[in-house]
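Single-structure report; data block below.
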Amino acid sequence: MPCCQAVEAALALPSMKVRHRLKFSTTLLFPMDPSFATEEINEGPSIGGTPQSSFVLTNEDKSDGIEIEGETGQDMAVEIAVGDPRVDPPMTHYLEEFASRLPAYINGVSVCQGDGSLLIRYRSGIDLEPEHLGQVYCQGLRAHFRIDHLKVRLVFLPEKLKAVKQASEDFRRSRQQAIAAATEADTEHFWGCHRCASFALGHTCTITPERPPPVQCPHLDACEGPGTPFGLRLLGLGAAERCVFLA
């Protein structure tokens, strides 16, 4: 049997699932693909990663667009505001982690995440401007999720960096407190995950603050008991219901 016919016959089997690889559709001039995220760049120019730098994603509605304050420098504060009513504090934790990796999807760029800040390093010869980073965050998030009102703010002004970092730390602290105090009684929705479908077809896990994910996987944090950070990496904003699924 020819190879093409063998593949078509295999795909026709009822137990066969095809995982479609995400393809970005952006207006950027750089090649952008998740496969580039594993590349390590050890030499070249860099932005961020300093004590004055910060990175945060909040669930505040600050309209849409990209805002850049100041001239490009080593110190950089990134503030991403998602004004979508479906996004609550636990969801911002996942979106923040996801957004932090997006610059690494550019060929020749790597991201090293520290405590509340990012070090973005890129090869010499890549003309990476703040406007490009803003577009990476906006277009990368919207390539994955149907999000309403997305505002990206990049701050380089020395006189504003301290205030932005303090606001980021305050939000992150209140978010962690809200997650830690959550119980099934005061949570309006639960989470669904079917990552294990690769070996357990048709299986779905129900996850709540008191029902942690049973297994460890690259997109789940194993939690133990009530009050733990549940669902920190589970989100599917494409779902209309408050039961959301991670594809």
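Has segment 157-171 got any residue that is under 25 Å from Asp61 (Cβ atoms), in contact with a helix residue (DSSP H, G or I) (Cβ under 7 Å, 6 or more places away or on another chain) and at pLDDT 85 or above? No, segment 157-171 has no match at all.
Test Leu102 against the stated conditions and say whether it is in contact with a Pro (Cβ under 9 Å, 6 or more places away or on another chain), under 17 Å from Gly48 (Cα atoms), touching a residue at least 24 places away in the same chain (Cβ under 8 Å) and of a type in the set (A, V, I, L, M, F, W, C). No: the conditions fail for Leu102. Among the residues of segment 156-164, at least one is without any contact (Cβ under 8 Å) to a residue 24 or more places away in the chain and either under 12 Å from Ser54 (Cα atoms) or of a type in the set (A, V, I, L, M) (or both). Yes or no: Arg173 without any contact (Cβ under 8 Å) to a residue 12 or more places away in the chain, surrounded by fewer than 21 Cβ atoms within 10 Å (Cβ to Cβ), over 16 Å from Met76 (Cβ atoms) and touching a strand residue (DSSP E or B) at 6+ places or on another chain (Cβ under 8 Å)? No.
The values are calculated or read from the model by the stated rules, or taken from the named source; none is laboratory data. None of these values were measured; they are calculated from a predicted model. Glycine gets a Cβ as well: all are built from the backbone with ideal geometry, and neighbour counts include every protein chain shown.
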